[in-house]
1. Kindly state, to the nearest 0.05, the FRET efficiency for Gln119 paired with Arg72, given R0 = 25 Å and r defined as their beta-carbon distance.
2. With all protein chains present and a 1.4 Å probe, how do Leu40, Leu170 order by accessible area, largest first?
3. Around Val59, with a cut-off of 12 angstrom between Cβ atoms, what is the net charge of the other residues, counting Lys and Arg +1 and Asp and Glu -1?
4. With every protein chain kept in place and ligands, DNA and RNA left out, what is the accessible area per residue of the chain? Probe 1.4 Å, answer in Å².
5. What part of the accessible area of the range 21-80, given as a whole %, is carbon or sulfur when the probe is 1.4 angstrom?
6. Which residue, Val26, Val59, Val115, has the most motion in a Gaussian network model of the chain that connects Cα atoms within less than 10 Å?
7. Let me have the 222 nm mean residue ellipticity of the chain computed from DSSP H runs of 4+ only, each contributing -39500 (n - 2.57), with the sum over all residues rounded to the nearest 500.
8. Hey, got the dipole for the chain? About the Cα centre, +1 on K and R Cβ, -1 on D and E Cβ, debye to the nearest 20?
Amino acid sequence: MARQDKADWITEMRRIRDHADEDAFVTLFDHFAPRVKAFLMRSGADAAMAEECAQEVMVTVWRKAAAFDPSRASVATWIFTIARNKKIDALRKQRRPEPEDLPWGPEAEPDQAEVVELQQESAHLGQAIADLPEKQRDLIEKAFYGELSHSEIAAETGLPLGTIKSRIRLALDRLRHAMERKQ
């Protein structure tokens, strides 16, 4: 399948979940694995770490397909969230001190107020994205979660480049205003 829309990806996820459909997984893998690797490399991972994390992400997609909920996120959002978490885990593993370097005594606890504030801000941003008109939300997801350029989005959707840029700009303005109202 050359171009897929959200409903197609959801269908592929359901085929994986309900029937352990390897063809559906290959379709998802072929589309998302290179994008996940590129996303990880653009966010600072070296090629080896990005490749390893991308493989782990796709294994997680296969094993956890039942956990995907299309009412909560698009397939791309769900997969790139897994990728982000795998990268964080890999970075933590790399930075883990050797046993002799472990500090003595209790570790400082994170400031609970900051943790709660970040959780609330993340939830608010998620809601603000969900509240965007579908056409704008889809483009934001393609641009930021799918890490596609405006030209790639135009080629994938068939929309004029100017329309892509305008919708993304309007969506970002809406998100900015939604986040400012929250503060």
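1. Working: r = 16 Å, r/R0 = 0.64.
Efficiency, rounded to the nearest 0.05: 0.95.
2. Solvent-accessible surface, decreasing: Leu170, Leu40.
3. Numbers: positive: Arg63, Lys64, Lys86; negative: Glu52, Glu56.
After counting each charged neighbour, the total is +1.
4. Working: 12020 Å² over 183 residues.
Each residue of the chain exposes 66 Å² on average to a 1.4 Å probe.
5. Numbers: 1570 of 3040 Å².
C and S fraction of accessible area: 51 percent.
6. Highest fluctuation of the listed residues: Val115.
7. Here the helix-only value at 222 nm equals -23500 deg cm²/dmol.
8. Values: 28 positive and 32 negative charges, 142 e Å.
Value, rounded to 20: 680 debye.
The values are calculated or read from the model by the stated rules, or taken from the named source; none is laboratory data. Just so we're clear, the structure is a prediction, and the values are computed from it rather than from any experiment. Please note: Cβ atoms are built from the backbone with ideal geometry, for glycine as well, and neighbour counts cover all protein chains shown. When the accessible area is computed, the model is the full protein with side chains, heavy atoms only, and any ligands, DNA or RNA have been set aside. Shrake-Rupley method; radii C 1.70, N 1.55, O 1.52, S 1.80 Å.
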